[in-house]
Structures are given as structure tokens and as C-alpha cells.
Amino acid sequence: MSDLLYPPSAQPVVAEAMRLLKSVREAPPLTHCITNAVVTGFTANVLLAVGAAPAMVDIVGESELFAGVANGLLINLGTPTPEQRAAGLEAAAGAAASATPWVLDPVAIGALPVRTAHAQRLVEQRPTAIRGNASEILALAGMSAGGRGVDATDSPDAAADAARMLATRYGSVVAVSGPIDLITDGERVFRIANGDELLTRVTGGGCALGAVMAAFLGAARSIHLSPLTAVTAATVYYTIAAERAAARATGPGSFAVAFLDELAATTPADLDSAARIEDETTARVEMDVS
Amino acid sequence: MSDLLYPPSAQPVVAEAMRLLKSVREAPPLTHCITNAVVTGFTANVLLAVGAAPAMVDIVGESELFAGVANGLLINLGTPTPEQRAAGLEAAAGAAASATPWVLDPVAIGALPVRTAHAQRLVEQRPTAIRGNASEILALAGMSAGGRGVDATDSPDAAADAARMLATRYGSVVAVSGPIDLITDGERVFRIANGDELLTRVTGGGCALGAVMAAFLGAARSIHLSPLTAVTAATVYYTIAAERAAARATGPGSFAVAFLDELAATTPADLDSAARIEDETTARVEMDVS
Amino acid sequence: MSDLLYPPSAQPVVAEAMRLLKSVREAPPLTHCITNAVVTGFTANVLLAVGAAPAMVDIVGESELFAGVANGLLINLGTPTPEQRAAGLEAAAGAAASATPWVLDPVAIGALPVRTAHAQRLVEQRPTAIRGNASEILALAGMSAGGRGVDATDSPDAAADAARMLATRYGSVVAVSGPIDLITDGERVFRIANGDELLTRVTGGGCALGAVMAAFLGAARSIHLSPLTAVTAATVYYTIAAERAAARATGPGSFAVAFLDELAATTPADLDSAARIEDETTARVEMDVS
């Protein structure tokens, strides 16, 4: 155990992450994505590399139906055309009717009015998970005017209170991305230190993680694991693959290529040996005791 | 001859494929694509690697005109927004008026109502070729409720009757993709065993083949080869490039990169040495004789 | 000095290009792109590799506001849906109100009526820079019916008069891409011989340069360099990175990957040692003198 990078308290969630990755590979979750035009190809390639089955169904008249048959759904607001906004509302309704788990990624809200209003409508539909950088999470919680685009201008810890509040109010798992990712269901808080700065130099590095969360949520539902576990597992797996890719890369171009290779190559056992995760709740308790 | 992977009966079509690839490189066919947002960049890169000239013109008011001046046209229904649906109907009319050969790729029809209805309208315009996986071809023929997205849930042979029926009814060449590709004009049937499973791990692996078929159809028209030859040649060439790329790849990311390199590098002579194609009609006749 | 590839007269602009690249890296310009669906992912990746901050905001209701806060703006007409056309007009107004420098890329105008009319409306808003191939620049100047798509069918020198005329009429810097790029503000003319043919085998090779110009224009404004310098610097830097990538590539797929790596790796000092640029104005004067 001494060579593990995570404390004993995080052992259960790592074990569940390993089971979940195995499950995704054995029974590829059909993952419905309504995502932005910039990253839609990369997102589909990430899902295929993971072992999931992507379906980018984002038009009116098909999205509600499809969200009902999919295993997981992502609604990402990166380029929210009127057609995509209407399709997103359809899909959220379809997901609700069939209890399909879904992820809301409120890209660049705060400064930009159309998507901010749209994100507000969607979050009221109680997404299973919400994923964003600190600026976006703060903006969604009404605690900030938002960042200046898709880059984070606040640190994940700065959004910890906002994340807990959103999680409690909407019954969602909230994931705040950054150098150390923070994930909470309003009670427990996981911090994940895996990843590499190169992931921020590839467009869709964050957006595609939302899709992987949707895939893992779909698989988790089948094997009775919690949304908190699914979102945490997706993040640990994804950021470990990023680390492995960075070790082989000579820049952002070769990193993106290696990342897809590593998403496909990373095994459950790799999670065990590389996860750097901390369960804040337990850590705090242990600190109180000692 | 003994080191060839195809029987003597397939020799004429391989020779024509070699001529056609040479022609594409010498006189790049202007290839008009109305395709889905997920794969549009990859598709353009595939066409550029092949040696064709891509043009992704998919708005109302330009598509009819452009289909008239292009050498070949692809209409792919992967993300059929209202604008793209209207542009697709325009383009089909423009192609008909100028006898521009065109390919219909009815992505994910069957389960999804908007695109299924749209595919029905388009197929009535008698596309030069129809390309899909077995589920899509069965759905277009009215013989199945469709798959669960873009992945094939039926084998190409399961769609052989549907393919022949569609070919006869609409005067189209029908190509069913799968581990063994099946191509028919309603009378002759070619089976192609080239390719690699990694092609299914890259988004657009199938969709971009539709664009290559449109390019080859354009070139074939200029040098008086049949649509059946053009679609078969495009498939043989494309899947041989995939095999060569797979031999160098360490996962889906590096495969996609190597695939573009190999599409550019594969020569007519490479087709001769690597084609694994069978002419079922002849094979059957030879079997009767022997 | 004898090992430099540019004449003494181009020394000032190369020195400014070096300063500008340094500035882009130190204070990443927020670069607002309204660009076509084919290249939007590649363009964002290029900007990230350069060191800029991309934001692909292309919907109505957000574009005017965002063009006001961005450091630079690109409006590219590659796939001009009605939504993008309206958003483009909004953005041009927002840029004008805040003096945000912006680039117009009139992709494939001339032959295609909707975008030709739209380009005409936009150019009247006096873009800071106009970027296109020779066919597009000729068409925008009303001197040609345009090319047959995004490929240049005319040489940059054939568009030199059109470029000077557009520059004078609209107060824009005009950049004509080709084997030798030509850049003019109506008085001075730079010719740049860097680059590689492989850049034309990757979709977005030209379009993404427009985005880099927008980023450099944003940075140039902050450090009080001229738009002519910004556009020239962007072109020199971009085409040098292309040369370096081509030296490592085995085809168009590996070239695109290496290009992103080299955009990130190329330093100001590399510009000094690799720039092949000529100041025609000075060259002509020197010729008169000698």
C-alpha cells in the first residue's frame, strides 16, 4: 500500500472507479451529446477512445426521444444556437422522463447573457452533474459575473462554497476543474491532483470530460454506483490518461493525439497505481482525531 | 499473379480502381459536402489527403448552384439542422439538373424521426450512391427500425437483400460498411475485406468514406467509369490506407493521424498488391461451373 | 547579419514581430472568432498553441457584447449560416464601438452569392485586416468572379492591385495568401516566402491564420504597433512554424500535429533566423538608387 498516491480513505472510491471503467468497456454506454461546434469531433473521438458509444443528436424533434433511450446525456453550452437551445430543453425533459443521468456544462456563462439565461433554465431541471471551471460554477451560483471565456480565472477552491451550494440546491454532483479538481455532492468533497497543464492547451480538454462523465454516469447507473462516484471516477481516469499522454508529448498537437491513445490504453489497474485523490471529509475527520 | 489477394475475376475492377486513383490525383474533383458538424473538419482533411478539393457548402441559397458546378456531392444526415435539410434538398435538385453524381449517407436513420423522414425525401431523388452501415440500409429499405446511433448493430450480409432492393428501386449503387464491406448495383455484388477495426474508433471513419466516394464518382464520370466501379474503388483504396495506418498506430489518436498520411501516400500500385476483393456474381458462377 | 534570410530593409519589421510574439505569450489576447464549422476546432487549437485565448462566440445576442471586450476579432465566412451572418454583423458593430481590431476572411466569395453579398456588407464596416487567397481578394475588389471554393486559382501577385485598392478604400491591411504571401496597407508591400505546401493540405491552414492575425492585432494595439506590422508578424511566425513542422512530417496528418507543436515551440529568436521577408517599397527604392 505504501507505493499508492492516495490515502486509505480514498481506497473505496478508487476501487469503484476501477469497476466502473471495466463496466464502460464491457457494455459501452450510449452517450448523447448536445455540445458545441468547436469540440464536437474531439468529444466523439474521446468517447470512442474511452470505449463508449457517442451520439451527437442535437436537433429539435429528435433530442427528447433520444435522451430517453441513451444511457447518459451531456448538455454543453459552448455554442448555443437557437436550435441547440431548444434541443437541449427537449433533451433535459427526455432525460427527466426516463431518469437518464445528465451533465450540464455551462461554458462561459456569466459574461455572456444568452447562455447564462439558458443555463439557469437548465439547472432548474436538476442535472445529475454540473461541470465547469471555477468562474462558471461561481456564475451559476450567482456569486460572480463570470470569466472572460472558457478559461478559468478563479481557482477551484474559490468555488468550493458555490459548488456545495449548487449541489445541495439542485441535488447535483458538482465538479470544478482546475489544477486540482474539486468534486462534491454537497456533503463529501473529493480533490483530484492528477492531470497536466497541456490539457488546457487543447480545445475541448474540459468539454470532453463532461461527455466522459455522462458515459460513466450511464454505466454507474447500471451497476448501482452513485453519481458522485461516477463523476469522480471519470475525472480520475481522464486526468491520469492526460498525465500519461503528457509524458510522451512534444507540444499540444502531439499531446492531443497521445491523449486519445492513452484514454484507450489506460486500464483499471492504472487507476490504482496513479490516482492522486483525497477525500476531504475523511481527511478533516482524521485531522480532528490526530 | 499468385501473390495477389484477389481472384482473377476481380482483376478488372482493381485495374479500374488504379486508373481512378491516378485520375483523382491528376485532376482533383471538386467535392461538395453537406455533412455533419462532428466530422466536417476530418472529412475535409480526408479529401485533401486523397488529393481531392473539398468544399463544405451547406447553406440555403448556395447549395443548388454549387452542386451544379461541383464534380461530386455528399449529403450526410449526421446532424441535420433545418438549414442543412433545406440546403440538402437544394443540392439534390442542383445535382439532378447538372447530372452531378451524389452520395446519400443516411446516418442513424430508423430510430430518429426527423432524419428518417428527410432521408426518405432524398432517396426519392435517386442518389448515385447510398452509403451506410447495415442498420441504416435496412432502415432505408423499410426493413428495420434502425440501430441505436451511428454504430452498426447488424452485419453487412444481413443487409444484402435490402441493399439490392434499394439499388434496383432507385438506380443507386449501395454500399454497406462493416468488417466486410458489401457493394452492389442490384446485379453485381462486390465484397471487400480490407480495413481495420480502428477505423470504427475514429469519428467520421464511415462518414468521410462517403465523401471519398463522391470524389471518386466525380472523377469516374470524367473518365467514363461506372458508379459501381467508383464506389468500389473508393472503398478499396480507403480501407487499404486504413490497414497501412493501423500497422503504425498505437491507438485511435495516432491511427487517425497515420490514416491521413497513408491516404496521401497510397499509390495505385498499392491497390494492386493489397486489395482483398471478391466479385460475388462471378464467384457464384465459377462455383456453379466447377 | 550575413546568415539572415531577409534584407536589411526588413530588419525593423522582423524586430517588431519578435516583440509582438513575446507580448502574445506574456499577455494572451482574448481572440473572438466567428468562423466556419469545418475549422473551428483546429482554429481554437492553433490559438491555444500560439499562446492566445480563443473564444468562439458566434450567436446572436452575445457577439456584439463580446466583440467589445475581446482584444481581437475574426469574422470568417466559410459556412455562413443565417445565425452566423447576423452574429457577424453584431460583432462588427461591437468591434467598431470599442475599437477592437478585426479581420475579415471572405472565404470562397465570388462564385457563391450569399457570402459574397455578406462580405460586401462587412467590408463596408472597414475591417482592420482582410485575409484571403488571390481569388477571394480579386472578388472582394470586384475584379473577378471568384474561385471555385477555398483553393486559390490565382497567384497572389495577380491580386496585388486589388489588394492595394481594397487597403486604400477601406483603410485595411490586406493579406493575400499563396506560395509567397503578399501584405499591404495600400502603401507598403511585404512579401513573405516562408511556409510549406503541406499547409494547403490541412483544412483551416488559411482560416486559422486569420485568427492568429486577430490575436496579433489585439496584442499589437496594446504595445502600440501598427496593424501592418501585426498582420505581417502573424504571417511570418505562422509560416515559419509550418516550415518547421513540414521538416518533421510524413504526410498531411502528421504535419497538422507537428504544426500545433511548432506553433507552441517557435520563439521570437526563431523568427529572426528563419524569416524570409522582403519590403517591396524599399526594394524598389534601392533598385532605383543602384
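Kindly indicate whether any position in segment B:178-188 is basic (Lys, Arg) and either open to solvent by less than 30 Å² (accessible area, probe 1.4 Å) or away from chain A (no Cβ under 14 Å) (or both).
Filtering segment B:178-188 for residues basic (Lys, Arg) gives B:188.
The next check asks that each one be either open to solvent by less than 30 Å² (accessible area, probe 1.4 Å) or away from chain A (no Cβ under 14 Å) (or both); those that pass are B:188.
Yes, segment B:178-188 contains a residue that is basic (Lys, Arg) and either open to solvent by less than 30 Å² (accessible area, probe 1.4 Å) or away from chain A (no Cβ under 14 Å) (or both).
How many of the residues making up segment C:98-121 are crowded, with 24+ Cβ neighbours inside 10 Å, within 20 Å of residue C:169 (Cβ to Cβ) and among the hydrophobic types (A, V, I, L, M, F, W, C)? Qualifying residue count, segment C:98-121: 5. All conditions in (1) in contact with a strand residue (DSSP E or B) (Cβ under 7 Å, 6 or more places away or on another chain); (2) open to solvent by 10 Å² or more (accessible area, probe 1.4 Å); (3) β-branched (Val, Ile, Thr) hold for residue A:75, with the sole exception of (2). For segment A:205-218, the candidate set comprises residues that are within 14 Å of chain C (Cβ to nearest Cβ) and open to solvent by less than 10 Å² (accessible area, probe 1.4 Å); within that set, the residue that is farthest from residue A:229 (Cα to Cα) is A:205. Residues being more than 26 Å from residue A:78 (Cβ to Cβ), assigned to a helix (DSSP H, G or I), within 11 Å of chain C (Cβ to nearest Cβ) and open to solvent by 30 Å² or more (accessible area, probe 1.4 Å) are entirely absent from segment B:8-15. Against the test of being in contact with a Leu (Cβ under 9 Å, 6 or more places away or on another chain), within 27 Å of residue B:136 (Cβ to Cβ) and buried (at least 20 other Cβ atoms within 10 Å of the Cβ), the options B:95, B:44, B:37, B:87 yield a single qualifying residue, B:95.
Considering segment C:29-85, the qualifying strands (runs of 3 or more DSSP E), each wholly inside and each with 1 or more residues that are at the interface with another protein chain (Cβ under 8 Å from one of its Cβ atoms) and over 20 Å from residue B:44 (Cα atoms), run over C:30-34, C:53-55. Restricting segment C:86-123 to residues that are assigned to a strand (DSSP E or B) and more than 10 Å from chain B (Cβ to nearest Cβ), the residue that is nearest to residue B:84 (Cα to Cα) is C:109. Of everything in segment C:247-261 that is more than 7 Å from every other protein chain (Cβ to nearest Cβ) and surrounded by fewer than 24 Cβ atoms within 10 Å (Cβ to Cβ), the residue that is farthest from residue B:246 (Cα to Cα) is C:247.
For segment B:47-66, the set of residues classified as buried (at least 24 other Cβ atoms within 10 Å of the Cβ) and at positive phi is empty.
The values are calculated or read from the model by the stated rules, or taken from the named source; none is laboratory data. Note that this is a predicted model, so its numbers are computed, not measured. All Cβ positions, glycine included, derive from the backbone under ideal geometry; neighbour counts span all protein chains shown. To get the accessible areas, we keep the full protein, side chains included, count just its heavy atoms, and leave off ligands, DNA and RNA. Shrake-Rupley method; radii C 1.70, N 1.55, O 1.52, S 1.80 Å.
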